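The values are calculated or read from the model by the stated rules, or taken from the named source; none is laboratory data. All values reported here derive from a predicted model rather than from experimental measurement. Note: ideal-geometry Cβ built from the backbone for every residue, glycine included; neighbour counts use all protein chains shown.
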Amino acid sequence: MVIACPKVSSAAVLCLLIASGPASAADALTIASFGGQYTASQSKSQYDPFTASTGVTIKSVDYNGGLAELTAQVRSGTVNWDIVDVELQDLDRGCADGLFEKIDPAQLPAGSDGVPAIKDFVTGSLHECGVGTVIWSNVLAFSDPAFPDAKPSRIEDFFDLERFPGRRGLPKRPHAILEWALMADGVTPSEVYRVLAKPEGLDRAFAKLDTVKDHAVFWETGAQMIQLLADGEVALSAAYNGRVQSAISEDAKPLKIIWERQIWNADYYAVVAGTGAKERALDFVRFATGTAPLAAQTQYIAYGPVRRSSQPLIAPAIAATLPTAPANFNNALAFDAAWWTAHGDAINERYAAWLVQ
Amino acid sequence: MNAASPSRAGLALVLPLVAFIAIAFLAPIATMLLRSVHDPEIAELMPRTRQALIRWDGTGVPQMATKAVTADLREASATNRIGRLAQRLNRERNGLRALIDVTVRHLEREPDTELTRIDRGWSDPDLWRILARVTSPWTGRHLLNALDVTVTADGALVRQEEARRLYVDLFLRTAWVAALVTLICALLGYPYAYAMAASGPSLRTLLLFLVLLPFWTSLLVRATAWIVLLQRRGVINEGLVAMGLVSETGRLDLIYNMTGTIIVMVHVLLPFFVLPLYSVMAGLPTSYVRASASLGAHPLRTFARVYLPLTYPGVAAGGLLVFILSLGYYVTPALVGGRTGQLISNQIAFHMQRSLNWGLAAALGTLLLLAVLLLALTLPRLAERGGLRA
Amino acid sequence: MLMKVTSALAPSGNGPQAEALVLRCVDKSYDGVTKVVDALDLDVHPGEFLTILGPSGSGKTSLLMMLAGFEPPSAGTIEIGGRDVSRLPPYKRNIGMVFQHYALFPHLTVGENLAYPLQARGWRKSEITERVAWALQLIRLDGMRDRRPAQLSGGQQQRIAVARALIYKPQLVLMDEPLGALDKQLREQMQDEIVRLHRELRPTIVYVTHDQSEALSLSDRVAVFEAGRIAQIGTPSELYEAPRTAFVAGFIGENNRITGMVIAANTEFCHVRCADGAVLEARNIADARIGDRVSLAVRPERLRPAQVGDGSSVEVEVADITYLGEVSRVRCRMRDGTEIIWKLPNCGQSARPERGATIALGFCREDARAFAA
């Protein structure tokens, strides 16, 4: 675990000693999130205002998703993280395993327009163990100069190496890419998870992936993915829309997003079971998922807020770049975390084997 | 200090280090070894089932065990551990998660329903055989899985189906990469170490600085620097294209594959080869080489018959070090290895961090450790037989 | 068999008059300023055993390095057997070399070490086997062929190192303080061994040492080095009996030094008045004139008891007496403090002086040599 320490080298050892003990000093919270642009957006729209209004300092920790670290903390009884930013499939699984505290949605503040929280949050963004924050999306992104003539515009183009030559960026996790493989092979979005659940359907998805395997470069983190696209190492890549949008609007990278058949997902704040600062953590969750902080976050990353009441607070230019913009949401597929929880083990294993073979 | 107890005083002095090694090094290894064959999680989650199945003869559906399963499922559900149990069982047999979910939901509505009436899956004797096996805390299945062998319901060992075969190839690939990296390190490092040993003090300092440079930069910075150099639009490819040596479309794939893994690993590991070899070379009296020359041997003969055999301990030490470090390499392949440059450690990390299959991770780690121990014990002996006994 | 091979080992050259080694105007300087070997001329005859004797820093090791080819001369030429080798690398010089720490290859057996130079010369396997067996017999280590050097004693290792340097009949054998690493008793045995091998095989040997007794007992000729130059070259007895400089006189054997002023001189002898007033007569090596300050060198064993007032004698006080077996070593002091060592044969009947006694010591004028002070 990395905890911010003064940059005095002699103090480093001491810092480590302090950091390795159970966290939650009297007026601090430790929040684990995905780092980079995403954590920066949370920091500016949520952590800093929370610190300003309550005096509670927030230590930010980066992690790469997954429940390994968290499981180890909870099982060993040395909980260092108070709050984690999780994706739905981890929230589901962690909740079933008792890794998270329960959160009562009735205690969440109403929207700024007075609508109660239970109605203000979009469907699925409230969970017994977590509160949704943003809707982000798995999209395809391409490097504009890599395609001087016709531009790719559909999922099928990702697998069409003849019309759109160039290397493809694929994630090292099978999520979203398997769904796209089936859709590109002719399966309609509504049928995707049903087909994928059958062995033939899975074989079909892998067979489709095989067609680009020799031209594929695999990435582990969002930062790597952006780097590959920006360096021209890959022409067309599976991507997270927020990272790509930041690269476009802040770093002026010549990248383009294909919204067609985006697969959207939500992120949640969950309070770690056994934290010594449960009440303070819940205070933070209630604050951070309020109408204004969620709306403010869109200024720093192109993820859509889960509260309906946040929408009117967003500038139109920004709203158009969010997954939730009507023009982008056409043909969108909701990522089925429950399906992945049920089938993920075997598929993860097979995808890992496929990667290496 | 009391002169009568110097050994006790000495013991007290080494105690902190011994304790440190025991806690920080031996204990984790022991834990890993244990985990590879001892996996009590399912047994802890299903204690009654375990008791009920210990004496089962393995035929039909064990009636008394069904009650035990019902009780275990209800308890796991009440204590928030059903998700974990479902996941663990699903890993042993795909589809068990759905069966557990359906059963638990049904039991919540009607607590006393017979399992076989909730779902036909409970009537399958194979399922009970699997349950009997996985509720035992001691197991060889992680080690078998790590060798791409799986156990069928009736206990037979079969090779993993082809789409899931992975680890044997990966072990072989890792060994091959390690051997290749060692060989390249030897070819590059030997002349380099010789140049260091033969040069004057100022040049030697410079050469030492250059070879140690990788140690002073973080692994990530080094990998990133190599990416900048090696990628398709990187320095090397741009240079080659500019010189007309390769065409715009024929840019070389130097990174995100096996080539990238090997190039960066050689760079990172070269100091581990050069330094032991240099120390052997620097400690070698010049008189041997001079004696050989004075006896009429051409420099090439002197090298082959005298210098090489006498510096062989350095080559063996450096080579062994590089080879063993290569076997466990993890960060570099993850960053620059792309798909084809992944090694066994990446799979261990995957199971530790992503799939949470710690038993399999421990089994893979155990096999890797065994391979390393075997090499560390046999290679020096082989080397001795092949070369130097002095 | 032994005779045949021995004759094959006789030095080869361009006729009987070709020298085994000729150095002309050889300079060596590492920094371009200080000459560690200075304008050296040296001739070594075929079959000769020549010792380079000198204190450390006298340039003898640099000379050896140049002979072996490990260092190039800064100027001048080196000829081995009539061939200019000044710029030849070591392995083309056809020399043999014995190192102070043997430099036997630790990873090869004794037999392989001996075979090494023969293999380098492309000998046939059967010839090599035969010659190795012969060499082992020569140094009386027949049973050791398959041992490794580390399994042998220091003396055995050195004998093998010598045999390895001799086995291929090199034109020139260089030995770099080969006995330096051995203890005293072994050193004496090895001296005998080297003398025997030289007598049997007659190789040309250039032997470097700082040990004057080794030099005297082994060599046909000895070259005494002083500051990069040969102070004197000659047979051991010439050097001992007739040192030409005070340095040589002091370096070879023990010598008493008495300084004084010349009061009478001719080309052969001179009279010298020392500090305490005694007048002594000595060979006029320095070609000194009246009034010159000179230093007399007299060997301790050439002193004999004299009557006070005799010519060529000094009055001394006995400081102490050490019994050494065949001789007693009597340490005396002249009135001006100059220390005089007197070696007195223990013949039984001759009277031994007592400590504190004042006695007179004299010597023949032929046994004292006057050098420029």
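Some notes on this structure:
- Matching entry among B:ALA86, B:ALA68, B:ALA30 (being away from chain A (no Cβ under 14 Å) and surrounded by 14 or more Cβ atoms within 10 Å (Cβ to Cβ)): B:ALA68
- Identification of helices (runs of 4 or more DSSP H) wholly contained in the stretch A:24-77 with 2 or more residues that are at negative phi and buried (at least 19 other Cβ atoms within 10 Å of the Cβ) yields A:36-42, A:68-76.
- Count of the stretch B:90-130 residues, restricted to those that are within 17 Å of B:ASP154 (Cβ to Cβ) and either in contact with a Leu (Cβ under 6 Å, 6 or more places away or on another chain) or of a type in the set (Asp, Glu) (or both), is 3.
- Selection of the stretch B:52-72 for residues being within 19 Å of B:SER123 (Cβ to Cβ) and not hydrophobic (A, V, I, L, M, F, W, C) yields B:ASP57, B:GLY58, B:THR59, B:GLY60, B:PRO62, B:GLN63, B:THR66, B:LYS67, B:THR70, B:ASP72.
- Only residues that are touching a residue at least 40 places away in the same chain (Cβ under 8 Å), within 13 Å of another protein chain (Cβ to nearest Cβ) and over 18 Å from the mean Cα position of the chain (by Cα) were counted in the stretch A:224-253, giving 7.
- B:VAL372, sole failed condition from (1) free of Cβ contacts under 8 Å to residues at least 40 places away in the same chain; (2) away from every other protein chain (no Cβ under 13 Å); (3) among the β-branched types (Val, Ile, Thr): (1)
- One residue alone among B:THR49, B:THR31 is among the β-branched types (Val, Ile, Thr), assigned to a helix (DSSP H, G or I) and farther than 19 Å from B:GLY121 by Cα, and that residue is B:THR31.
- Top-ranked residue of the stretch A:136-167 - restricted to ones that are buried (at least 24 other Cβ atoms within 10 Å of the Cβ) and within 30 Å of A:GLN42 (Cα to Cα), ranked as nearest to the other protein chains (Cβ to nearest Cβ): A:PHE142
- Members of the stretch C:328-346 that are basic (Lys, Arg) and not in a strand (DSSP E or B): C:ARG335
- Helices (runs of 4 or more DSSP H) completely within the stretch B:108-174 that count 1 or more residues being surrounded by 12 or more Cβ atoms within 10 Å (Cβ to Cβ), in the same structural domain as B:ALA71 (by TED's automatic domain parsing) and at pLDDT below 90: B:115-118, B:125-134
- Pairs, first within 27 Å of B:ALA293 (Cβ to Cβ) and free of Cβ contacts under 8 Å to residues at least 12 places away in the same chain in the stretch C:171-198, second in a loop (DSSP other than H, G, I, E, B) and among the hydrophobic types (A, V, I, L, M, F, W, C), C-beta under 9 Å, six or more apart: none
- Residue pairs whose Cβ atoms lie under 8 Å apart, separated by 6 or more positions or on different chains, with the first residue in the stretch B:232-260 and over 22 Å from A:LEU170 (Cα atoms) and the second of a type in the set (A, V, I, L, M, F, W, C) and part of a loop (DSSP other than H, G, I, E, B), are B:ILE236/B:LEU252; B:ILE236/B:LEU254; B:ASN237/B:VAL246; B:ASN237/B:LEU252; B:ASN237/B:LEU254; B:LEU240/B:VAL246; B:LEU240/B:LEU252; B:VAL246/B:LEU252.
- Helices (runs of 4 or more DSSP H) fully within the stretch C:144-262 that include at least 1 residues being among the acidic types (Asp, Glu) and more than 15 Å from the chain's Cα centre (by Cα): C:184-201.
- As a summary of the residue check, B:TRP226 satisfies the conditions (1) within 17 Å of B:TYR329 (Cα to Cα); (2) away from chain A (no Cβ under 14 Å) except for the one numbered (2).
- Residues located in the stretch C:80-114, provided they are basic (Lys, Arg) and more than 10 Å from chain B (Cβ to nearest Cβ): C:ARG83, C:ARG87
- Taking the criterion of being at the interface with another protein chain (Cβ under 10 Å from one of its Cβ atoms) and outside any loop (DSSP other than H, G, I, E, B), the residues of the stretch C:115-140 that qualify are C:TYR116, C:PRO117, C:LEU118, C:GLN119, C:ALA120.
- Helices (runs of 4 or more DSSP H) lying entirely in the stretch B:261-371 (those with 2 or more residues that are within 30 Å of C:LEU118 (Cβ to Cβ)): B:286-294, B:308-327
- If you go through the stretch C:280-320 and keep only what is exposed (fewer than 15 other Cβ atoms within 10 Å of the Cβ) and within 17 Å of C:ALA372 (Cα to Cα), you end up with C:ASP287, C:ARG289, C:ILE290, C:GLY291, C:ARG293.
- Members of the stretch C:63-81 that are more than 18 Å from C:ALA215 (Cβ to Cβ) and not in a loop (DSSP other than H, G, I, E, B): C:MET65, C:MET66, C:ALA68, C:ALA75, C:GLY76, C:THR77, C:ILE78, C:GLU79, C:ILE80
- The single condition among (1) surrounded by fewer than 21 Cβ atoms within 10 Å (Cβ to Cβ); (2) within 13 Å of another protein chain (Cβ to nearest Cβ); (3) closer than 18 Å to A:ASP267 by Cβ that A:TRP340 does not satisfy is (1).
- Residues of the stretch A:207-223 classified as under 25 Å from A:ALA342 (Cβ atoms) and either touching a helix residue (DSSP H, G or I) at 6+ places or on another chain (Cβ under 6 Å) or among the polar types (S, T, N, Q) (or both), total: 2
- Search result, residues across the stretch C:84-101 that are in a strand (DSSP E or B) and either closer than 14 Å to C:TYR168 by Cβ or not assigned by TED's automatic domain parsing to the domain that holds C:LEU21 (or both): C:ILE95, C:GLY96, C:MET97, C:VAL98
- Test: residue in the stretch B:292-303 that is closer than 16 Å to B:TYR194 by Cα, assigned by TED's automatic domain parsing to the domain that holds B:PRO191 and crowded, with 21+ Cβ neighbours inside 10 Å: yes
- The listed residues are B:GLY244, B:GLY250, B:GLY260, and the only one of them that is among the small types (Gly, Ala, Ser), buried (at least 21 other Cβ atoms within 10 Å of the Cβ) and more than 14 Å from chain C (Cβ to nearest Cβ) turns out to be B:GLY260.
- Selection from the stretch B:183-220 of residues that are in contact (Cβ under 8 Å) with a residue 24 or more places away in the chain and of a type in the set (D, E, K, R): none
- Look at (1) surrounded by fewer than 22 Cβ atoms within 10 Å (Cβ to Cβ); (2) more than 8 Å from chain B (Cβ to nearest Cβ) and you find that C:PRO73 fails only one, number (1).
- Just one of the numbered conditions (1) within 14 Å of chain B (Cβ to nearest Cβ); (2) in contact with a helix residue (DSSP H, G or I) (Cβ under 6 Å, 6 or more places away or on another chain); (3) more than 27 Å from A:ALA216 (Cβ to Cβ) is not true of A:THR321: (1).
- From the list A:ASP214, A:ASP185, A:ASP203, A:ASP210, the one residue that fits, being away from chain B (no Cβ under 14 Å) and not basic (Lys, Arg), is A:ASP185.
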